[in-house]
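One structure is given below, encoded as structure tokens.
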Amino acid sequence: MKPSRFSYKRPASWDDAVKLVLAGARPGAGTQSLGPMLNLRLARPDTIADLRHLPDYAGVSVRGDTVRIGAGTTHAALEDGVVPGRLGQIMASVARRIAYRPVRTRGTIGGSLAHADPAADWVAVLPALGGVAVAFGAAGERRLPLANFVTGIFETALAPGEVLRAVEVPMLRDAARWGHWKFCRKIGEFSKATACLLDVPGARPRAVLAALDGPPMVIDDAAALLADPTGEARRIVAGCPGLSPWRQAIAEAALRHAVQGARA
Amino acid sequence: MSRIDITLTVNGEPRELKVEPRDQLADVLRGPLMLTGTHVGCEHGVCGACTIEIDGAPARSCIAHAGSCDGATIRTIEGFGDDEIMRALREAFTREHALQCGYCTPGMLVVGRDVVRRLPDADEARVREEMSGNLCRCTGYRGIVRAIVSVIVARRHARREGACR
Ligand SMILES: Cc1cc2nc3c(=O)[nH]c(=O)nc-3n(C[C@H](O)[C@H](O)[C@H](O)COP(=O)(O)OP(=O)(O)OC[C@H]3O[C@@H](n4cnc5c(N)ncnc54)[C@H](O)[C@@H]3O)c2cc1C
Ligand code: FES
Ligand code: FES
């Protein structure tokens, strides 16, 4: 099918982008999620505001011990290592397993997060890495913790008229341990259960369980999970309502594998 | 919903076009530009048949609006001429029976060429992983994977020989 008609705007500044969005335009990024929704006519916006030409939209800059990643940075750029150090290694390993390379060359980290598909990879991983989302609206920049940026299925903490400009993530020491596991029926398909765990020496380990048809579940102190993966995974998953037995089983497996990965 | 003026460089030639904002690149290539080697299957990014190069990187032309590609350099399956890797892949696809109806082939070749270039040390498992976004309803994939692996191996040998000399 073909999309229904819309008009196309290309804002040259973030202020113009916000004006367009406030007037009802739909932001367009890599269109790797929006494109299919348009083609299937699940989305029928009057206007698309193409963010791809905004200044500083894509790219990475390190300030102190934080890396700022422009919303328009593609999965492929992250896969190819634009983020330095241990954090970059971790993000590259996640990016490589999002969709397929020809989707990753256009799909963006910001689009992925703003889209807030519960099964999406950055939706699951960024809350574990910590840091903030940088929203931009009529009143300028606003910082929101990534741990509760995604609030529901396709729902985020962005206010009406706000766009996502960047994410800011703390850099990691080489000693940081990381485990990540997802269950996909075919490579590149959306996950049916994802878990990840970040263990930085001297800090509380943090885990996330995601892709369970709701917002990601952030486990702020995962010490118990590290101590007793099997028992604790069972307890955590029992607290997720409405999962069929097989989804429960793979969710538990995801948590156990994430622990194993972080220990390896 | 006015039409927009765009300029694309398609297979080396500058083209000025008037497109509707909703036009996907695939439709513009196949329609006004009559480059029907780009095939359209699923129209939601899953099957890979429409894969082309935008500014040197493989991309799905079914979910990239022509309007947002204004100024870009596009290469379709018609535009690889005697590119060295593409020539080797064409020969390998023929030799290994890597196509039957040919519907998936343009996308397979564009992605295959990217794999050969980007991952010169890929083994069979990695090639399968990288090609998993291109569906083929005919061949069962074995010939396709074998063809791509054979080009990677041949280039690796050539590299080694070059280094020994
Ligand atoms: C075949 C296929 C397989 C896929 N598999 C996976 C997968 O395994 N894992 C995964 O995580 N993803 C997957 N994806 C989705 C992919 O990662 C997309 O790139 C991503 O979800 C959306 O990013 P985008 O830049 O393309 O955004 P778009 O599609 O352009 O936009 C998505 C939504 O976010 C909004 N938006 C975009 N940018 C902003 C912004 N800066 N501020 C506010 N709102 C914004 C748009 O209005 C739209 O509603 C897949 C996609 C395809 C086509
Ligand atoms: S037609 Fe574009 S991926 Fe299927
Ligand atoms: S050869 Fe027919 S779909 Fe691949």
Cα gyration tensor category, rounded, prolate or oblate, for the protein assembly as shown with a/c compared to 1.5: oblate
Kirkwood hydrodynamic radius of segment A:1-147, from inverse mean 1/r over distinct Cα pairs, in Å: 16.0
Of A:K9/A:K182; A:K9/A:K186; A:K2/B:K18, which sit over 29 Å apart, Cα to Cα? A:K9/A:K182; A:K9/A:K186
Sorted by mean Cβ packing within 10 Å, highest first, what order do the peptides A:211-219, B:148-156 take? A:211-219, B:148-156
Classify segment A:118-216: rounded, prolate or oblate, from the alpha-carbon gyration tensor (a ≥ b ≥ c, eigenvalue square roots; a/c under 1.5 rounded; otherwise prolate if a/b is larger than b/c)? oblate
Of the residues B:V110, B:V40, B:I144, the Cα lying farthest along the dipole of segment B:21-154 towards its positive end, which is defined by charges on the beta carbon of Lys, Arg, Asp and Glu, belongs to B:I144
What FRET efficiency comes out for the pair A:E189/A:A224, r = Cβ-Cβ distance, R0 = 35 Å, nearest 0.05? 0.65
Taking every pair of distinct Cα atoms and averaging 1/r, then inverting, what Kirkwood hydrodynamic radius in Å comes out for segment A:177-263? 12.7
Dipole size in debye (nearest 20) for chain A around its Cα centre, Lys and Arg Cβ +1, Asp and Glu Cβ -1? 700
Rank A:W181, A:W246 by accessible area, highest first, at a 1.4 Å probe radius? A:W246, A:W181
Computed E for A:C240/A:A139 - FRET, C-beta separation, R0 41 angstrom, nearest 0.05: 0.65
FRET efficiency for B:S2 and B:T36, using Cβ-Cβ distance with R0 set to 25 Å, rounded to 0.05: 0.35
Simple spin-label estimate for B:R137 and A:D174 in nanometres, 7 Å along Cα-Cβ: 5.3
Peptide-level mean, for B:40-52, of C-beta atoms on other protein chains within 10 Å: 4
With a/c under 1.5 counting as rounded, go ahead and sort segment A:60-170 into rounded, prolate or oblate using the C-alpha gyration tensor (a ≥ b ≥ c being the square roots of the eigenvalues; past the cut-off, prolate if a/b is larger than b/c, else oblate). oblate
Quantify how strongly other chains surround peptide A:30-38 by giving the mean number of their Cβ atoms within 10 Å of each of its Cβ atoms. 5
What does the charge count around A:S4 come to, taking other residues whose C-beta lies under 13 Å from its C-beta (Lys +1, Arg +1, Asp -1, Glu -1)? +3
Can you give the net charge of the other residues whose Cβ lies under 13 Å from the Cβ of A:I219, counting K and R as +1 and D and E as -1? -1
Shielding of B:64-75 by partners, i.e. mean partner chain Cβ atoms within 10 Å per residue? 4
I want the antiparallel fraction of DSSP beta bridges within chain B, as a percent rounded to 5. 90
From highest to lowest solvent-accessible area (probe 1.4 Å; ligands, DNA and RNA excluded), A:R143, B:R60 read A:R143, B:R60
Interchain or sequence-distant (5+) residues whose placed amide H lies within less than 5 Å of the amide H of A:R177 are A:D199, A:V200
Can you tell me, using C-alpha contacts under 8 Å and at least 6 residues apart, the relative contact order of chain A as a whole percent? 16
Where segment A:60-170 is the region considered: accessible area per residue in Å², 1.4 Å probe: 32
Highest-MSF residue in chain A out of A:S33, A:S244, A:S13 [GNM, Cα springs under 10 Å]: A:S244
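The values are calculated or read from the model by the stated rules, or taken from the named source; none is laboratory data. Treat the numbers as computed from the prediction; the structure is a model and nothing was measured. In this analysis, Cβ positions are derived from the backbone assuming ideal geometry, glycine residues included, and neighbour counts consider all displayed protein chains. What goes into the accessible areas is simple: the full protein's heavy atoms, side chains included, and nothing from ligands, DNA or RNA. Shrake-Rupley method; radii C 1.70, N 1.55, O 1.52, S 1.80 Å.
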